[in-house]
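Written out below as structure tokens is the structure these notes cover.
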Ligand code: BG6
């Protein structure tokens with residue numbers, strides 16, 4: 001059902017994720033008319049004992065960032081805040097969840113027409129340690145009453161476990177309570193515009209079809225950089241490290257979209273089937289295909305142990321064992337406290353055979369998809385240097401979104417994904433078998449790191465990370481292009 005009452009419950013309503021991402025995304029959806037006042041009620045749920053009004057006041061600052069916000073904006077915020085109610089309770093108390101259920105039912109009885117249904121969305125903006133108890137409470141007390149029709153869905157955030165074993169345990173616990181179509185595992189990178197563009201780019205352009213393989217592509221880099229450190233999240237981060245925080249989920253999802261075979265249709269299950277297949281084709285990671293780093297000053301955070309070896313930087317080469325990709329290294333690189341904030345996919349093509357212009361030393365063809373900031377796609381090409389001389393130069397064919405789609409607002413990842421959860425579209429969510437396959441790739445390496453078998457190399461804040469990573473990249477066959 002697409003209409004009737006809609007109850008969105010944000011569990012962990014006073015936490016960082018809820019305030020910074022979930023509520024602002026809900027506000028944007030409301031502003032664009034996707035959440036209707038006569039249907040929706042948003043419930044914040046957390047342990048803190050505060051009133052509706054206090055929660056609204058706390059959220060206000062996250063929704064109005066601009067001091068000079070217009071009157072319309074302020075009015076919209078105030079109307080939106082009035083759709084929010086707060087219920088305080090423990091994450092393992094049946095009584096407290098019954099209270100929540102009562103509040104939801106009250107809202108449903110006020111909004112539902114005879115043919116209306118009740119849609120209940122539970123967003124777990126919580127640490128995974130409480131997922132099992134919260135899911136159990138939802139299942140026992142808060143499911144949509146079947147005589148009303150409708151649905152109950154839960155949204156969970158990473159980290160989904162710490163390794164294969166813990167992830168499977170979590171999946172089993174949740175899987176006993178909910179069916180796969182009710183579970184939405186968010187990876188917010190799947191909500192980014194240029195990540196969603198990947199399949200269109202690959203499979204709707206004749207130009208790319210014959211080029212996208214080992215005959216033409218020399219190497220692929222998927223890079224995430226941040227120019228700030230763990231910023232007060234050290235305690236959390238130290239338990240996980242950069243591979244679990246970024247590479248095993250965000251970068252690996254992008255890898256799937258770059259490397260997978262063409263799905264038989266755009267149906268979510270067909271797409272996800274192909275993602276699983278390519279994940280299962282990844283060979284075990286070799287020791288020489290790994291460089292780890294830790295930025296100097298990381299351990300100054302009082303919540304980080306003085307002898308922590310947790311990587312804040314990692315570069316890992318994945319090798320795919322299939323007909324399309326054998327021999328092509330996929331370099332997944334992520335780091336905190338580096339020289340810039342940027343995420344991109346960089347596909348480098350092989351040298352031109354029989355290079356009559358002797359121009360290969362200027363650089364190879366590259367196709368770059370910049371996810372952020374300033375979404376863009378550009379191709380590095382060799383052209384004749386304009387002028388009287390017959391010489392060559394590297395140039396770019398550039399599709400910069402800001403210029404080309406001036407005036408089009410690119411939605412926030414969370415906004416798009418929450419809308420999908422309401423619509424029941426699971427394409428941009430991680431399926432259980434995908435999750436398992438992704439942990440299978442990284443678990444042996446993570447266990448070695450946890451045992452201290454790999455040392456994180458120190459690097460300066462604001463640098464490119466350890467020099468060893470660039471050396472590994474060169475060894476993998478990446479040729480630095482000059483002039484861009
Ligand atoms: C989160 C990580 O998943 O992604 C953070 O936990 C990271 O460490 C963030 O900062 C980056 O997201 P974005 O959308 O700002 O690139």
Practice problem: In nm, give the distance between the simple-model label positions of residue 385 and residue 94, each being 7 Å from the Cα along the Cα-to-Cβ direction. | Solution: 8.0 nm
Self-check item: Relative contact order of region 172-313, pairs being alpha-carbon contacts under 8 Å that are 6 or more residues apart, as %
Solution: 25 percent
Exercise. Return an integer: the convex hull volume of the alpha-carbon atoms of region 327-484, in Å³ per residue.
Key: 197 Å³
Quiz item: With the contact rule set at Cα under 8 Å and sequence spacing of 6 or more, what percent relative contact order holds for the chain?
Solution: 17 percent
Exercise. Would you mind pulling out the separation of the Cα centroids of region 329-386 and region 434-474, in Å?
Key: 23 Å
Quiz item: If you line up the Cα atoms of the chain on their principal axes, what length do they span on each, largest first, in Å?
Solution: 77, 51, 47
Quiz item: For the chain, what is the mean residue ellipticity at 222 nm derived from helices alone (per DSSP H run of n ≥ 4: -39500 (n - 2.57); sum divided by total residues; nearest 500 deg cm²/dmol)?
Solution: -9500 deg cm²/dmol
Quiz item: For residue 474 and residue 352 in the same chain, what is the full-extension length gain: residue separation times 0.36 nm, less their Cα-Cα distance, in nm?
Solution: 42.0 nm
Self-check item: log₁₀ of I(q)/I(0) at q = 0.31 Å⁻¹ - region 428-479, Debye sum with one point per alpha carbon
Solution: -1.04
Self-check item: By average C-beta atoms within 10 angstrom, highest first, the peptides 410-418, 33-41
Solution: 410-418, 33-41
Quiz item: How big is Rg to Rh over region 203-254, alpha-carbon atoms, Rh as the Kirkwood inverse-mean-distance radius?
Solution: 1.19
Quiz item: Using 7 Å Cα-to-Cβ label points, what is the residue 448/residue 66 separation (nm, one decimal)?
Solution: 5.1 nm
Quiz prompt | DSSP-defined beta bridges in the chain - what % are antiparallel, rounded to 5 | solution = 50 percent
Quiz item: Given just the C-alpha atoms of region 75-136, how large is their convex hull per residue in cubic angstrom?
Solution: 117 Å³
Quiz prompt | Distance histogram for region 184-271 (every C-alpha pair counted, 10 angstrom bins, percent rounded to whole numbers) | solution = 13, 40, 30, 14, 4
Exercise. Would you mind calculating the gained length between residue 410 and residue 151 on full extension (0.36 nm times residue separation, minus the Cα-Cα distance), in nm to one decimal?
Key: 90.3 nm
Quiz prompt | Scattering profile of region 57-189 at q = 0.14, 0.17, 0.20, 0.21 Å⁻¹ [log10 I(q)/I(0), Debye over alpha-carbon scatterers] | solution = -0.81, -1.05, -1.21, -1.26
Self-check item: Label-point separation, residue 106 to residue 54 (7 Å along Cα→Cβ), nm
Solution: 1.8 nm
Quiz item: Assuming R0 = 30 Å, what is the FRET efficiency of residue 75 and residue 399, from their Cβ-Cβ distance, to the nearest 0.05?
Solution: 0.20
Self-check item: region 205-352 - Rg over Rh from alpha carbon coordinates, Kirkwood radius
Solution: 1.03
Quiz item: With a ≥ b ≥ c the root eigenvalues of the C-alpha gyration tensor of region 1-123, is it rounded (a/c under 1.5), prolate (a/b larger than b/c) or oblate?
Solution: oblate
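None of the figures in this text is laboratory data; all of them are computed from the coordinates on show. These figures come from a predicted structure and were not determined experimentally. Methodologically, a virtual Cβ is constructed for each residue, glycine included, from the backbone with ideal geometry; neighbour enumeration extends over all protein chains shown.
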